[in-house]
Structures are given as C-alpha cells and as structure tokens.
Amino acid sequence: MAATTEAKRKGELKMLETARYFFDEAAKKLKLEDSLIELLRYPKRRLIVNFPVRMDNGKVMNFEGYRVQCHPVLGPGKGGIRYHPDTTLDEVEALAVLMNWKCAVAGLPFSGAKGGVRCNPKEMSVGELERLTRRYAAEIAPIIGPDVDIPAPDVYTSSREMAWIVDTISMHHNGEFMPGLVTGKPILLGGSLGRETATARGGFFCTLEALKHLNMKLEGATVAIQGFGNAGSYYAQFVQEAGAKIIAISDSKGGIYNSKGLDYKAVLAFKKETGTVVGFKGADKITNEELLELQCDILAPSALEDQLHERNAPKVKAKVICELANGPTTKEADAILHERNIFVIPDILANAGGVTVSYFEWVQDRYRYFWDAERVDERLKIFMTEAFKRVLDMHLKHKVDMRTAAFMTAVSRVAEAARARGMYP
Ligand code: NAD
C-alpha cells in the first residue's frame with residue numbers, strides 16, 4: 001500500500017509538473033504578457049476544510065477535504081470530487097489545473113476546479129458516507145453554486161453522492177431545488193443521458209478526425225487498448241462498430257492479444273464473469289508493457305498516468321495515440337513521440353467528451369428541458385470535432401506537437417477572455 005501511495009503521489013505531482021511545463025511552453029509561444037502568466041499559472045483558491053463525522057460506532061472522526069479553483073475567467077469552476085485515502089491538496093490542484101485547460105480546449109464556458117476528501121470509502125458504511133458527503137458539501141457550500149463552481153463525480157464518488165450534495169445545499173436555500181449545482185446526477189434529478197459513454201465517444205470522434213488528417217481509414221485499422229473500464233471498454237465498442245480490428249486489450253491484471261482480432265462484447269462478458277480480461281480464450285497473454293509496444297495503428301492508453309515514458313517511447317509502434325487516460329505520457333516521452341512522427345491526441349482534448357456532456361447536463365438543468373440521447377451525442381460530435389480542428393490548426397500553423405498545440409489553444413482562449421475582462425478594481 002505504501003509503495004502504491006508513493007507512486008501514485010509522484011504520478012499526480014508529475015501531472016502538475018507536466019501541466020505547468022506545457023503551460024509555460026504555450027505562454028512562451030503565444031508571447032503571453034508576464035502579468036497573465038503569473039495569474040494563470042496558479043489556481044485562484046485552495047480551500048482546506050477539516051470537519052467531524054459521526055461514525056456508526058458512535059465515535060466522531062475528523063476528515064480533511066479540499067476544493068481548488070482556477071481563476072474563473074471563462075465561467076464557473078467545473079471538476080469532480082474524489083474520495084481516496086491518498087488524496088492531497090497538491091493532487092487536487094494538479095487535477096484542477098488540467099480541468100482548466102481541458103474546459104478551455106473544448107470551448108466550454110467553465111474554468112477548472114477539483115475537490116476531494118481524504119478518506120477510505122471502501123471501509124465506510126453508506127450511512128457514514130452520506131454524513132461525510134453532506135458535511136463536506138456544507139463546508140464547501142460558500143464557494144459552490146451553479147454560477148460559481150459545479151462539482152461532479154470522480155474516483156469513488158458517483159451519482160449517489162451528487163444527489164446528496166444537491167439535497168444538502170438545497171436545504172441551505174430554503175429547499176430551493178438547484179440541480180445545476182452539480183453534474184453527474186441521477187437522471188431523475190436532472191442528470192443527462194449519454195454521460196456514461198461520453199468520454200469514449202469524444203475520444204472516438206477525435207480519432208476519426210486524426211485519421212482523416214493522416215489519410216488513414218478506421219475500417220480495418222488495428223487498435224490496442226490499455227485499460228478496460230468506462231473509457232476503454234466504450235472506446236472498444238465504438239471503434240469496433242466502425243470497422244476497426246481490436247488486437248489487444250488489458251486491465252490491471254494483464255493483457256490479451258490476438259492478431260486476428262478480439263470481439264469487445266465477448267471480452268466484456270468474460271471480464272464481467274471473471275473480473276479480468278486475462279484468460280480470455282483464443283488470445284495470447286501479454287503484459288501491459290508489451291501492449292504499449294505492439295505493432296498497431298491506434299494505441300489508446302485508457303488506464304493510468306505515466307504509462308508512456310522515455311524508456312518505452314522509442315519502442316512504440318502505433319501511428320496514432322488517443323489518450324483517454326489523464327496524463328498517460330510523460331513530457332520526455334511526448335518529445336520522443338513527436339520526433340518519431342507519432343500522432344498524439346493529447347488527454348486534455350481526447351478525453352474532454354466527459355466534461356462536455358457535463359456541460360450539456362448543466363445547460364439542460366438551467367432551463368429544465370432535457371434532451372434525448374441522440375441530441376446529446378450529435379452535439380458532442382460537433383463540440384469534439386470543432387475542438388480537434390482548433391488544435392490541429394494550431395499544430396499546423398505553429399509547427400508544434402499536438403499537446404503544445406492543445407495548451408496553446410486553451411491558454412490563448414483564457415488569456416483573450418482575461419484581457420477582455422480587464423482587472424478589478
Ligand atoms: P475505470 O476505473 O472505469 O477503469 C480503469 C481501467 O484501468 C480498469 O479496467 C482497470 O483494470 C484498468 N487498470 C488499472 N490499473 C491498470 C494498470 N496498471 N494497467 C492497465 N490497466 C489498468 O476508469 P475510467 O473511468 O475508465 O478512467 C480511465 C482513465 O480515463 C483515467 O485516467 C481517468 O482519469 C480518465 N478519464 C475518465 C473519464 C470518464 O468519464 N470516465 C473522463 C476523463 C478522463
């Protein structure tokens with residue numbers, strides 16, 4: 001546990017370092033004025049709350065929670081809340097900063113935010129989790145609101161916790177129901193259709209655009225997917241339905257490979273039954289490391305951060321990398337992949353489909369009129385395709401790698417809005 005914790009922390013901090021590095025690169029290329037660099041490099045607010053929760057055994061335990069908000073230049077803050085024993089203020093800050101650039105790249109009227117509570121939800125009862133969630137919501141309530149900062153689910157939180165947050169804060173406002181306060185809610189309380197598939201679908205639309213740009217076809221293209229959870233499994237579905245051949249899939253226990261193709265539905269059914277993809281009949285066992293170095297057209301890291309680094313980047317054989325995971329590539333690996341002409345769809349673009357549909361949920365909540373799934377998917381396609389094109393234009397115009405281009409797109413958008421707003425007082 002200690003080693004995992006340490007590795008995880010390093011990963012999160014590396015993510016912050018990488019986000020800062022690419023912000024600095026973008027700022028340099030955009031010749032951003034010093035005052036804006038100072039303003040945008042750091043979050044506006046880092047809130048720490050300590051609060052008591054009565055446990056089932058009658059004892060009171062204190063918990064530490066966080067909410068970090070970037071400067072709300074483009075609009076209210078947006079970002080998830082995670083419950084994890086290793087959550088720290090630095091981790092939450094790293095994730096808030098990434099959200100800031102992700103919202104800007106996707107063209108959403110939001111700035112970045114993130115929250116967390118250091119706790120072990122696996123060892124807590126539903127009653128304890130409800131009391132913790134309600135008290136944490138009350139603690140951060142002064143800086144939360146449909147026009148201020150809109151939380152969402154993240155690691156070990158779900159629509160259940162979002163419903164408790166809406167209920168708690170509504171109680172603080174004489175019972176006024178405020179569904180636009182959080183996203184990722186149950187459908188009956190103002191959640192949006194299409195959220196579950198949104199991240200993978202957004203990545204799929206980006207993949208289609210990337211292939212078009214590279215004069216490649218998805219039909220018959222070979223795909224390797226690391227991670228077979230929400231993002232990875234729906235991505236597998238979308239690419240297979242479009243005619244691609246999935247040759248490798250993995251999860252935390254290892255990977256499977258078949259050069260003739262794997263049927264995502266059969267692998268999913270096998271994983272549901274056994275808890276892992278490993279052991280799937282008619283496929284060879286491979287390691288997660290081997291999967292990343294396979295001969296294939298598209299590689300989709302969809303699990304963890306720091307998977308592609310300076311040691312394996314020279315051995316990657318994919319032509320396109322679609323980063324569904326957050327931070328799967330270190331900045332050293334990024335430079336190597338760019339040098340080797342491997343086309344990377346960076347995380348802040350490739351996985352922005354999730355927050356885009358969260359934006360749709362917020363819009364629907366504001367006017368209390370809800371869209372069918374087709375409308376959600378159609379609009380997601382428009383948003384993702386346009387975002388991809390903006391980044392590609394920046395990439396071609398400035399002859400920079402796609403990640404720098406994505407940061408330049410995001411930073412220039414926020415900087416332009418900041419200049420237009422001017423300075424108070
Ligand atoms: P998930 O928990 O549903 O699935 C994660 C998958 O990764 C599981 O199959 C797990 O077995 C696998 N995995 C864990 N450790 C692994 C390892 N060492 N090697 C290979 N596979 C491993 O999570 P998810 O929601 O699919 O998220 C995956 C990634 O996508 C994360 O980086 C997340 O931050 C990012 N992301 C997800 C969303 C979303 O809406 N789900 C949005 C944006 C970004």
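The values are calculated or read from the model by the stated rules, or taken from the named source; none is laboratory data. What you are looking at is a predicted structure, and each value in this text was computed from that prediction instead of being measured. Quick reminder, even Gly has a Cβ in these numbers, built from the backbone with ideal geometry, and neighbours come from all protein chains shown.
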Original post:
Among Arg131, Arg135, Arg160, which is more than 14 Å from the ligand (Cβ to nearest atom), farther than 28 Å from Val97 by Cβ and assigned to a helix (DSSP H, G or I)?
Top reply: Arg131
**OP:** Looking for whichever is more than 27 Å from Thr356 (Cβ to Cβ) and assigned by TED's automatic domain parsing to the domain that holds Arg82 here; the options are Met171, Met178. Which one fits?
**Re:** Met171
Subject >> Pick from segment 253-294, criterion farther than 20 Å from Ala318 by Cβ and small (Gly, Ala, Ser), ranking: farthest from the ligand (Cβ to nearest atom) >> reply: Gly282
Subject >> Considering residues of segment 339-354 that are hydrophobic (A, V, I, L, M, F, W, C) and buried (at least 22 other Cβ atoms within 10 Å of the Cβ) only, the residue farthest from the ligand (Cβ to nearest atom) >> reply: Val344
Subject >> Candidates Ala113, Ala19, Ala94 - the one that is outside the structural domain of Val182 (by TED's automatic domain parsing) and not charged (D, E, K, R) >> reply: Ala19
**OP:** Being buried (at least 17 other Cβ atoms within 10 Å of the Cβ) and either of a type in the set (Val, Ile, Thr) or away from the ligand (no atom under 16 Å from the Cβ) (or both) narrows it down to one of Ile382, Ile336, so name that one.
**Re:** Ile336
Original post:
Restricting segment 192-210 to residues that are over 17 Å from Ile348 (Cβ atoms) and surrounded by fewer than 21 Cβ atoms within 10 Å (Cβ to Cβ), which is modelled with the lowest pLDDT?
Top reply: Glu196
Original post:
Does Leu324 satisfy the condition of being within 16 Å of the ligand (Cβ to nearest atom), assigned by TED's automatic domain parsing to the domain that holds Leu262, within 17 Å of Leu262 (Cα to Cα) and in contact (Cβ under 8 Å) with a residue 24 or more places away in the chain?
Top reply: no
**OP:** Can you run down the residue pairs with Cβ atoms below 7 Å, 6 or more apart or on separate chains, where the first is in segment 336-362 and assigned to a loop (DSSP other than H, G, I, E, B) and the partner is within 12 Å of the ligand (Cβ to nearest atom) and not hydrophobic (A, V, I, L, M, F, W, C)?
**Re:** Pro346/Glu323; Asn351/Thr199; Asn351/Gly202; Asn351/Gly203; Asn351/Glu323; Asn351/Asn326; Ala352/Lys102; Ala352/Gly202
Original post:
With respect to the numbered conditions (1) closer than 20 Å to Ala210 by Cβ; (2) surrounded by 14 or more Cβ atoms within 10 Å (Cβ to Cβ), which one is the sole condition not fulfilled by Glu305?
Top reply: (1)
**OP:** Report yes if Ile169 is more than 13 Å from the ligand (Cβ to nearest atom), outside any loop (DSSP other than H, G, I, E, B), touching a Phe, Trp or Tyr at 6+ places or on another chain (Cβ under 9 Å) and not small (Gly, Ala, Ser), otherwise no.
**Re:** no
Subject >> Residue list for segment 38-77, filter: out of contact with any helix residue (DSSP H, G or I) (no Cβ under 7 Å at 6 or more places or on another chain), small (Gly, Ala, Ser) and either in a loop (DSSP other than H, G, I, E, B) or under 15 Å from Asp90 (Cβ atoms) (or both) >> reply: Gly58, Gly75
Subject >> Criterion violated by Leu299 - all others in (1) in a loop (DSSP other than H, G, I, E, B); (2) touching a residue at least 60 places away in the same chain (Cβ under 8 Å); (3) buried (at least 20 other Cβ atoms within 10 Å of the Cβ); (4) not acidic (Asp, Glu) satisfied >> reply: (1)
Subject >> Residue in segment 198-245 that is nearest to the chain's Cα centre (by Cα), counting only those that are without any contact (Cβ under 8 Å) to a residue 40 or more places away in the chain and within 12 Å of the ligand (Cβ to nearest atom) >> reply: Asn230
